[in-house]
Structure formats: structure tokens, C-alpha cells
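Here's the structure, in C-alpha cells; my notes come after.
The values are calculated or read from the model by the stated rules, or taken from the named source; none is laboratory data. Fair warning: this is a prediction, and the values are worked out from it, not measured in the lab. Neighbour counts are summed over all protein chains in view; Cβ atoms, including those assigned to glycine, are modelled from backbone coordinates with ideal geometry. The accessibility values were calculated without ligands, DNA or RNA, using every heavy atom of the protein model including side chains. Shrake-Rupley method; radii C 1.70, N 1.55, O 1.52, S 1.80 Å.
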Amino acid sequence: GQYRVDYEPAESSTGLFGGNSNWRGPIWFPVNFLLIESLQKFHYYLGDHHKVECPTGSGKMMTLWQVAGEISQRLTRIFLRDKDGRRPVYGGTEKFRRRHRGQSQNGLDGARRKADQAIPPVS
């Protein structure tokens, strides 16, 4: 018999390992953090005059510091609630959706609502 492991871009053809075959496991966020930190260090060295196109194909030029900020905002938005109270990190899972007023989970919803209102929306 022949045994092999194939690379599958995007969604996996089997549920055995789950989800997206590019980023299986908890390592993707720390790797992005290291990338952001590296871009900031390169900006410190290269300065404001060194710019790159971001996003690719947009024609918009940014410093490496600005690119690091753009990546940071994209990562942050994964965890912030949308207008329906859902956080993209949880996909369509209803269990994690914001409860409506009057519904409580261990009496913490009021504190969570105040904390969520204190965080300004990402534009």
C-alpha cells in the first residue's frame, strides 16, 4: 500500500483534523504576534521613508509600522462583537452569542455589557 499526506489549501476534505488545513492548532496567533513585532523592529531600522503596498494590489503605500497596525486591527476584530453580538472567532455557534437583556449567565451579563460598551468599535 501507499501512504502519503497531502496538503489541502482552505477547508479540509475530512473532519478528522478539523477546519482549515492552513492553520490547525493554536500556533497561528502567536506567529502573527511575532510577525507584527518584527515589522515594528524593521520600521525602527528602515524608518518612515521605507513603504510597502498594503494590502497587496491596492496601490496604497504604508510604512512597516502602519502595516503592523493593520495586521493588529485585523487580528483584534476576530474577537470583538459585531452588531448582532457575535464574535467572528466563534463562527455561527449560537452558544456564544450575546444574550438579550433579562437573560443572565451566572449574573455576569451586566458587567460584560458595561465592559463591551467601554471598548470603542474598530473602524
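Would you please give the FRET efficiency between Asp84 and Arg4, computed as 1/(1 + (r/R0)^6) with r the Cβ-Cβ distance and R0 = 30 Å, to the nearest 0.05?
So the FRET efficiency works out to roughly 0.10.
Leaving ligands, DNA and RNA out of it, work out the accessible area of Leu35 with a 1.4 Å probe and give it in Å² to the nearest 10.
Around 80 Å² of this residue is reachable by solvent.
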